[in-house]
Amino acid sequence: MKDDTRTISSWRTPALVIGFGSLIALIAFGPRSTLGFFLTPLSSANHWGRDVFAFALALQNLLWGVGQPLGGIIADRFGSVRVLCGGALLYALGLALMAHATSAPVLNLSAGVLIGFGLAGCSFPVVLAAFGKIVPLQHRSIAFGFGTAAGSFGQFLYSPIAVTIFAVSMLAVLPLSIALATPPSEAPHTGRSQSLRQALGEAFAHRSYVLLVLGFFTCGFQLQFITVHMPAYLVDRGLSAQVGGWTIATIGLFNIIGSVAAGWLGDRMPKRYLLSTIYFLRAAAILAFISFPVTPFTCIVFGAIMGLMWLSTVPPTNGIIALMFGTRWLATLAGFAFFSHQVGGFLGVWLGGLVFDRTGSYNMVWWLAILFGVLSALLNMPIVEKPVARLAVAPA
């Protein structure tokens, strides 16, 4: 049988869909990935401990995770445009309010609640799910890679830009989202409708999906801890804030290569092995980084190595979900996997601030990041990459 994709209208070629979706991912992920630069200045200006700013961004990660399955359900049932536009408006409002936050409650509302739910509507999980529905099967894996890489380029591009400009740039998502319009309540190609409840029951009873979701926790823990706390960590070690900026920018730049490569490799090798390798190499890179003296050179090298693996887990993760369950509820099931990612992100950011305020060091969290990396490498190994019985006659 044919893959479950709809005919793309004449102006919405695969290249244009991927291009517009990648621009949305760039615009949405760029500001979020650079908020760690504001930890030290905002904390100093408002006489906060690091735990105040860390909690706001931890709350953001948690609510992004909570909101992602909800955004996925709406996108799967009613199409992606309204989710992307609604998320962009919430995100822009949150950024604008954050720029003027002078108290912890306002920071929690803006950087935590509004940006968290905004990201759930307009960041790359929704974009990649739209790719899965619109882009033909033969281009799907590389499309996932380009969409993820664009978010990383946003991390590189947005590093030196101010928060207010971030807010204005989010409005560009609204017109771009038209290219990613997906049909509402798309029926699966088996000819038998599957409800949301049935889809969730099938997924969470599937051992490989559960392992994939559990492994994705580590990705969030490592990434969000480094994104938020790396600039402050380097300042504590006697380096300038500029080195932290270049390190985060280097991660974003090299992840363009890593994400596209992961999308390309996902068509040429078992995705579970690709994921296990990424998690193990991340753990090894972190171990090497904290074992040697921290210098500008080692920071840039660490940024380059981590960048190659930064968001490269996303294309194979989405690819495995689409392969196992099809694209009917792809945004929803990818959203629940992303919830696990964001629970990890919440703990990484929050524990970073809490542990530092209690011990004056980030060492405990670095070692947790290493441990979780090894565990996730092991969790992904037994994943079975094949369609569920319902789709066995027509793989997604």
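The values are calculated or read from the model by the stated rules, or taken from the named source; none is laboratory data. Computed from a prediction, not measured in an experiment: that's the story for all the values here. Cβ atoms come from the backbone with ideal geometry, glycine included; neighbour counts cover every protein chain shown. The area values use the complete protein model at the heavy-atom level, side chains included, leaving out ligands, DNA and RNA. Shrake-Rupley method; radii C 1.70, N 1.55, O 1.52, S 1.80 Å.
Here is the figure for the range 11-33: residues that are closer than 11 Å to L180 by Cβ and of a type in the set (F, W, Y) total 1.
Looking at C85, C122 in this structure, which one is buried (at least 22 other Cβ atoms within 10 Å of the Cβ), in contact (Cβ under 8 Å) with a residue 60 or more places away in the chain and farther than 14 Å from Q342 by Cα? Give the derivation first.
On the way: C85 fails: buried (at least 22 other Cβ atoms within 10 Å of the Cβ).
Going through C85, C122 in turn, the sole match is C122.
For the range 83-106, filtering for residues that are over 19 Å from the mean Cα position of the chain (by Cα) and modelled with pLDDT under 90 leaves 6.
Residues in the range 175-193 that are surrounded by fewer than 17 Cβ atoms within 10 Å (Cβ to Cβ) and at pLDDT 80 or above: P175, I178. If you go through the range 376-385 one residue at a time, how many are open to solvent by 30 Å² or more (accessible area, probe 1.4 Å) and touching a helix residue (DSSP H, G or I) at 6+ places or on another chain (Cβ under 7 Å)? Summing the residues that are open to solvent by 30 Å² or more (accessible area, probe 1.4 Å) and touching a helix residue (DSSP H, G or I) at 6+ places or on another chain (Cβ under 7 Å) in the range 376-385 gives 5.
What residue, of W310, W366, is at pLDDT 95 or above and open to solvent by less than 30 Å² (accessible area, probe 1.4 Å)? Explain how you work it out, then say what you get.
On the way: W310 fails: at pLDDT 95 or above.
After ruling out the rest, the residue left standing is W366.
Tell me, which residue of the range 314-372 that is under 20 Å from A58 (Cα atoms) and polar (S, T, N, Q) is farthest from the chain's Cα centre (by Cα)? Looking at residues that are under 20 Å from A58 (Cα atoms) and polar (S, T, N, Q), I get T359.
If a residue has to be open to solvent by 50 Å² or more (accessible area, probe 1.4 Å), more than 20 Å from the chain's Cα centre (by Cα) and not hydroxyl-bearing (S, T, Y) to count, how many in the range 221-269 make the cut?
The number of residues fulfilling the criteria is 10.
Applying the set (1) surrounded by 19 or more Cβ atoms within 10 Å (Cβ to Cβ); (2) in contact with a Phe, Trp or Tyr (Cβ under 8 Å, 6 or more places away or on another chain) to S43 leaves exactly one unmet item: (1). Of the candidates G348, G319, G352, the single residue that is farther than 28 Å from A129 by Cβ, buried (at least 24 other Cβ atoms within 10 Å of the Cβ) and at pLDDT 90 or above is G352.
Could you check the range 246-295 and list, in sequence order, the residues that are among the aromatic types (F, W, Y) and free of Cβ contacts under 8 Å to residues at least 12 places away in the same chain? Selection gives F292 alone.
Checking the range 333-343 against the condition returns a match, with at least one residue being of a type in the set (F, W, Y), assigned to a helix (DSSP H, G or I) and open to solvent by less than 10 Å² (accessible area, probe 1.4 Å).
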